[in-house]
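Undergrad: Got a structure for you, written out below as C-alpha cells; questions coming shortly.
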Amino acid sequence: DVVETQEHYKSRWRSIWIMYLTMFLSSVGFSIVIMSVWPYLQKIDPTADASFLGWIIASYSIGQMVASPLFGLWSNYRPRREPLVISTAISVAANCLYAYVHVPHSHNKYYMLTARALVGFGAGNVAVVRSYIAGATSLTERTSAMANTSACQAVGFILGPVFQTCFTLIGEEGVTWKFLCLQLNMYTTPVLFGALLGVINIILIFAIFREHRVDDMGRQYKSINSDGEGSDVLGQNTEGSIDHVAVVALNILFFVILFVFAVFETIATPLTMDMYSWTRKEAVFYNGIILSAIGIESVVVFMVVKTLSKKTGERAILHAGLLIVLVGFFILLPWGKKLPNIQWQEIKNNSIPRTAPSEMLAPFWSLPELQLPSNHTAEPVGCPVTQSWCLNTPKIFLAQYISSDVLIGLGYPVCNVMSYTLYSKVLGPKPQGVYMGWLTASGSGARILGPVFVSQIYTHLGPRWAFSLICGVVVVSLLLLEIVYKRLIAFSVRYGRMQE
C-alpha cells in the first residue's frame, strides 16, 4: 500500500478537473446548435422535412451509443489520453464539416446528418471520463466527483443555447470568406466556436492530464493505463466477481431515468401549444425559459446531494428521486372538465380561426364551411382537431405544468447522479471503461426511443395515455429498485474490505 503524496493528490485533482471540462464541452457540442438546426436545414436543403430533422437530432445519440462501449474498451487497455484526444478530434472535425454542409450542390441534408452523427460519436468519450473519475476517486470522494461531473454536463446544456443566442447577432448572411468557401453566420459560427473549444481541450489533455488511480480507501496505486504493457497492480484487491445483477438493474434504471426525461423535453413544446394556445414562437420562448430554470435548479440539486448522500446513502436518495419523478408525471394527468381550445384546421381543405364559445355550439359539420379570408396569415393555435382526443380530454392547467416541471427538475438530477455513483461503486476496482460505455449507451438509447414513444402515443392517444404509461414505467422501476436494493453496495463493502 502506498500513501498518497501531496503532489499526487494535486495532480490527480487537476486531471479530474480536465475531465469535468471535457464533459462540459461534450454537452456544449450537443446543445450549441440545437435551436438552429431546423432553420439551417431548411436553408441548405429545401427537400428536408420535419421527419428528417428527427433523424438529425437522433443521430447524435446514435453516434454516442455506438462509440461509448468502443472508447470504454479502448480505455481499459491503453492510456486514456489516446481515446480522449481521438474522440475530441473527431468532434472538432465534425463541427468543421457542419460549417461546410452548405457547399455541396446536392444531398446537403445527408452531410448535416453525418456531421451530427460524428459529433455524437466523439461524445462517446463520456464513458472514458466517468470511468477515469471512478478510478481516480475514493469511495468518500466518489459521490461528490460524480455530482460535479453531472453539474458540468448540465451547465454545458444550459450555456450551449446561450452561446447560440449570442451568435444570432451575426445574422443569417454574416461574413463570407470566399478563399475558404466559408460563411460565418448565426448557423456556422457556433460550431466553429465549439471546434475551437475542442482544440483547447486537446491541448489541456496533453499539458495537464495524467493517469492516476486510488483504491476505494484512497490509497495510491499505479494506474493500469499508465503504459500499454502494464498489468493490474492491485492484485488481491481486485479478487471477487462483480455483481452483474446489480449492474444490469442499474443499467435498466438509468435507461428509465433518461427515457422519462427525454419524454419530458420532447413533449413540452407540443403540449403547451395544444393546451394553452401558444404560438410556435411563444412555445419556444416560454419553454426555453422554463428549461433554463430547470437547468439552474439541477445544478443546485447536484451540489446539495453531495452533502445529503453522506447522511442518508445513495440508495435512499435514488429511491426518493424516482418517487419525485413519479409525482411529477402524475400531476400532469388531465383532471377536471374544461377542454382545451380547439384548432379547427385542415378539414375539407379549409382553415378557420379559433372560435368563440357561442360559435362552438354550432353543429360540428357546419364548421368546415367557414373559411378564412384569402389574405389571412395568422398562425392557427390551440389543440388541432386532427388529434381526436382534443375533443374529449380535459385541459392540463398551467399550474399543473409548472408544478410538474419543478418536480421533474428536482427528481431527474438526483436520479442521474445516484445511478452513476452506485454503478461505479458496484463495479469496484475492476477496469470500468466498457461498463461505463454500456451505461452511456443505455442512456443514449433512451434519448432515441423516448421522443419516438411519446410522439406516437401523445399524437394518437393523448396526454392521459402518454403520462399514465410513463407513471407505469416509473412504478416498475421503483419495484425493480426494491428488489435489488440490498445488492446496490460498493464492491469493497460486499467483500468485507470496508464498512458501509
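Undergrad: Quick one: count up the residues across segment 122-142 that are open to solvent by 10 Å² or more (accessible area, probe 1.4 Å) and of a type in the set (Val, Ile, Thr).
TA: So the count comes out to 1.
Undergrad: Something else now. Filter segment 380-411 down to the residues that are over 15 Å from residue 459 (Cα atoms) and polar (S, T, N, Q) and list them by number.
TA: 400, 403, 404 - these are the residues of segment 380-411 that are over 15 Å from residue 459 (Cα atoms) and polar (S, T, N, Q).
Undergrad: Can you find a residue in segment 270-286 that is open to solvent by less than 50 Å² (accessible area, probe 1.4 Å) and within 26 Å of residue 427 (Cα to Cα)?
TA: No: segment 270-286 contains no residue that is open to solvent by less than 50 Å² (accessible area, probe 1.4 Å) and within 26 Å of residue 427 (Cα to Cα).
Undergrad: Let me ask something additional. So which residues in segment 172-203 are aromatic (Phe, Trp, Tyr) and touching a residue at least 60 places away in the same chain (Cβ under 8 Å)? So that I can check it myself, show each step before the final result.
TA: Here is the first cut: in segment 172-203, the residues aromatic (Phe, Trp, Tyr) are 177, 179, 187, 193.
Listed by number, the residues that qualify are 187, 193.
Undergrad: So in segment 168-211, with the set limited to residues that are of a type in the set (D, E, K, R) and not in a helix (DSSP H, G or I), which one is most open to solvent (accessible area, probe 1.4 Å)? Show your work before the answer.
TA: Going residue by residue through segment 168-211, those that are of a type in the set (D, E, K, R) are 172-173, 178, 210-211.
Filter once more, so that each one left must be not in a helix (DSSP H, G or I): 172-173, 210-211.
Working: 172: 87, 173: 132, 210: 99, 211: 41 Å².
So the residue we want is 173.
Undergrad: Let me ask something else about it. Looking only at segment 441-489, count every residue that is of a type in the set (Val, Ile, Thr) and open to solvent by 10 Å² or more (accessible area, probe 1.4 Å) and tell me the total.
TA: Our first condition is that a residue be of a type in the set (Val, Ile, Thr); within segment 441-489, this holds for 448, 452, 454, 457, 459, 470, 473-476, 483-484, 489.
Now narrow it down to the ones that are open to solvent by 10 Å² or more (accessible area, probe 1.4 Å): 448, 452, 457, 459, 473, 475-476, 483, 489.
Number of matching residues: 9.
Undergrad: Among the helices (runs of 4 or more DSSP H) contained in segment 351-465, which hold 3 or more residues that are modelled with pLDDT of 85 or more and either within 31 Å of the chain's Cα centre (by Cα) or over 27 Å from residue 322 (Cα atoms) (or both)? Full working, then the answer.
TA: Numbers: elements: 357-360, 398-427, 433-461.
Filter on segment 351-465 gives 398-427, 433-461.
Undergrad: What single numbered condition from (1) more than 19 Å from the chain's Cα centre (by Cα); (2) more than 24 Å from residue 474 (Cβ to Cβ); (3) not acidic (Asp, Glu) fails to hold for residue 305?
TA: Result: residue 305 passes all but (2).
Undergrad: Can you confirm whether segment 391-401 contains a residue that is without any contact (Cβ under 8 Å) to a residue 24 or more places away in the chain, polar (S, T, N, Q) and open to solvent by 20 Å² or more (accessible area, probe 1.4 Å)?
TA: From segment 391-401, those without any contact (Cβ under 8 Å) to a residue 24 or more places away in the chain are 399; that's our starting set.
After this cut, where a residue has to be polar (S, T, N, Q) as well, the list is none.
So far as segment 391-401 goes, no, none of its residues is without any contact (Cβ under 8 Å) to a residue 24 or more places away in the chain, polar (S, T, N, Q) and open to solvent by 20 Å² or more (accessible area, probe 1.4 Å).
Undergrad: Read through the list (1) under 22 Å from the mean Cα position of the chain (by Cα); (2) open to solvent by 50 Å² or more (accessible area, probe 1.4 Å), then give the number of the only condition that residue 29 fails.
TA: (2)
Undergrad: Given the options 385, 434, name the one that is open to solvent by 10 Å² or more (accessible area, probe 1.4 Å) and within 29 Å of residue 83 (Cα to Cα). Talk me through it step by step, then tell me what you get.
TA: Details: 385 fails: within 29 Å of residue 83 (Cα to Cα).
None of the other options fit; the residue is 434.
Undergrad: For a quick check of your reading of the model, give me the residue pairs whose first member lies in segment 112-128 and is assigned by the TED database to the domain that holds residue 194, whose second is buried (at least 24 other Cβ atoms within 10 Å of the Cβ) and not in a helix (DSSP H, G or I), with beta-carbon atoms closer than 8 Å and at least 6 apart or on different chains.
TA: 112/101; 115/101; 128/80
Undergrad: Search segment 72-93 for residues being of a type in the set (Ser, Thr, Tyr) and modelled with pLDDT under 90, and hand back the single one that is most open to solvent (accessible area, probe 1.4 Å). Please lay out each step first, then the result.
TA: First, the residues of segment 72-93 that are of a type in the set (Ser, Thr, Tyr): 75, 77, 87-88, 91.
The next check asks that each one be modelled with pLDDT under 90; those that pass are 75, 77.
Details: 75: 0, 77: 151 Å².
In this case the residue turns out to be 77.
Undergrad: So how many residues does segment 420-457 have that are under 30 Å from residue 388 (Cα atoms) and of a type in the set (A, V, I, L, M, F, W, C)?
TA: Final tally of qualifying residues: 7.
Undergrad: Tell me the residue from 48, 93 that is farther than 23 Å from residue 160 by Cα and of a type in the set (A, V, I, L, M), please. Walk me through how you get there before you give the answer.
TA: Details: 93 fails: farther than 23 Å from residue 160 by Cα.
Criteria check complete, one pass: 48.
Undergrad: Report yes if some residue within segment 234-254 is modelled with pLDDT under 85, in contact with an Asp or Glu (Cβ under 9 Å, 6 or more places away or on another chain), among the aliphatic types (A, V, I, L, M) and on the phi < 0 side of the Ramachandran plot; otherwise report no.
TA: There is at least one residue in segment 234-254 that is modelled with pLDDT under 85, in contact with an Asp or Glu (Cβ under 9 Å, 6 or more places away or on another chain), among the aliphatic types (A, V, I, L, M) and on the phi < 0 side of the Ramachandran plot.
Undergrad: Scan (1) closer than 17 Å to residue 264 by Cβ; (2) polar (S, T, N, Q); (3) open to solvent by less than 10 Å² (accessible area, probe 1.4 Å) for the single condition residue 424 breaks and write down its number.
TA: The single condition residue 424 does not satisfy is (1).
Undergrad: Additional query: Name the residue, out of 67, 50, 58, that is under 28 Å from residue 433 (Cβ atoms) and at pLDDT below 85.
TA: Working: 67 fails: at pLDDT below 85; 50 fails: under 28 Å from residue 433 (Cβ atoms).
None of the other options fit; the residue is 58.
Undergrad: Can you pull out the residues in segment 153-167 that are open to solvent by 30 Å² or more (accessible area, probe 1.4 Å) and among the hydrophobic types (A, V, I, L, M, F, W, C)?
TA: 155, 157, 158, 159, 162, 163, 166, 167 - these are the residues of segment 153-167 that are open to solvent by 30 Å² or more (accessible area, probe 1.4 Å) and among the hydrophobic types (A, V, I, L, M, F, W, C).
Undergrad: Would you mind stating whether residue 333 is part of a loop (DSSP other than H, G, I, E, B), modelled with pLDDT of 85 or more and either touching a Phe, Trp or Tyr at 6+ places or on another chain (Cβ under 6 Å) or not assigned by the TED database to the domain that holds residue 457 (or both)? Write out each step before concluding.
TA: Working: part of a loop (DSSP other than H, G, I, E, B): yes; modelled with pLDDT of 85 or more: yes; either touching a Phe, Trp or Tyr at 6+ places or on another chain (Cβ under 6 Å) or not assigned by the TED database to the domain that holds residue 457 (or both): yes.
When the stated conditions are applied, residue 333 passes them.
The values are calculated or read from the model by the stated rules, or taken from the named source; none is laboratory data. These numbers come from a predicted model, not from an experiment. All Cβ positions, even for glycine, are placed from backbone atoms using ideal geometry, and neighbour counts span all protein chains on display. All accessible areas refer to the heavy atoms of the entire protein, side chains included, with ligands and DNA or RNA removed. Shrake-Rupley method; radii C 1.70, N 1.55, O 1.52, S 1.80 Å.
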